[in-house]
Amino acid sequence: MINLVLFGPPGAGKGTQSEKLIKKYGFVHISTGDMFRWHTKNDTPLGKKVKEIMNSGALVPDEITISMLKEKLDKNPDANGFLFDGFPRTVAQAEALDKFMANNNTAIHFVIALDVNEKELRERIEKRRSIENRADDEEDKLNKRITEYFSKTIHVLPFYEKQGRLNTINGIGDIENIFNEISSVIDKK
Ligand code: AMP
């Protein structure tokens, strides 16, 4: 069983690469962004709670995010490997994730960070906005999401780096080439 975190700022290509990795390796995909979007779309109590926060581009508080994640993991006891996409986004989340994994006698084996500069991220999200019409891709919300990334989420990188679990990959270029690079990191294990 291999568990992997795919890490990167909004627009880095996590969603695209996740889809390809799931097809190839059969990971159970855990995207907290997709989970929150499902709740807001279906107007669940959790969805009602996080809608405003998400629409502002801010991060949902750790307690809410971590308990939603735990519930999802508990529902998949037989998974043959998880791919975490958009989680963890804070050091507290990274620590909680390690605990959940340890409780299930497993671990996060490695973290793949997609490195994409801010100018490229903005261009990609502008393109995505015209296709997917995501409310949080609008410019003021996008600014907030990028600020959240560079003020809170980026600190997760040294957390994993210190433990030798971080693999940084250039996230700019051909999708297939990026995918092959990620695959070669996984295949080495
Ligand atoms: P994403 O699709 O991963 O960019 O997530 C969309 C939005 O969901 C984010 O801007 C946050 O408001 C919320 N969200 C998703 N994952 C997390 C997380 N791990 N921690 C806090 N908020 C999150």
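The values are calculated or read from the model by the stated rules, or taken from the named source; none is laboratory data. Note that the structure is predicted; figures quoted are calculated from it, not measured. Cβ atoms come from the backbone with ideal geometry, glycine included; neighbour counts cover every protein chain shown.
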Assuming L21 fulfils every condition listed in (1) within 15 Å of the ligand (Cβ to nearest atom); (2) at pLDDT 95 or above; (3) outside any loop (DSSP other than H, G, I, E, B) apart from one, which condition is it? (1)
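Based on what the data block shows, is A58 assigned to a loop (DSSP other than H, G, I, E, B), out of contact with any His (no Cβ under 9 Å at 6 or more places or on another chain), within 19 Å of V5 (Cα to Cα) and small (G, A, S)?
So A58 does not fit the description; no.
Farther than 22 Å from F36 by Cα, surrounded by 13 or more Cβ atoms within 10 Å (Cβ to Cβ) and not aromatic (F, W, Y): which single residue out of I146, I154, I112 fits that description?
On the way: I146 fails: farther than 22 Å from F36 by Cα; I154 fails: farther than 22 Å from F36 by Cα.
Answer to the selection: I112.
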Run I30 past the list (1) part of a helix (DSSP H, G or I); (2) within 11 Å of the ligand (Cβ to nearest atom); (3) in contact (Cβ under 8 Å) with a residue 40 or more places away in the chain and report the number of the one that doesn't hold. (1)
(1) within 14 Å of the ligand (Cβ to nearest atom); (2) within 30 Å of S183 (Cα to Cα); (3) surrounded by fewer than 19 Cβ atoms within 10 Å (Cβ to Cβ); (4) of a type in the set (S, T, N, Q) all hold for S67 apart from (2)
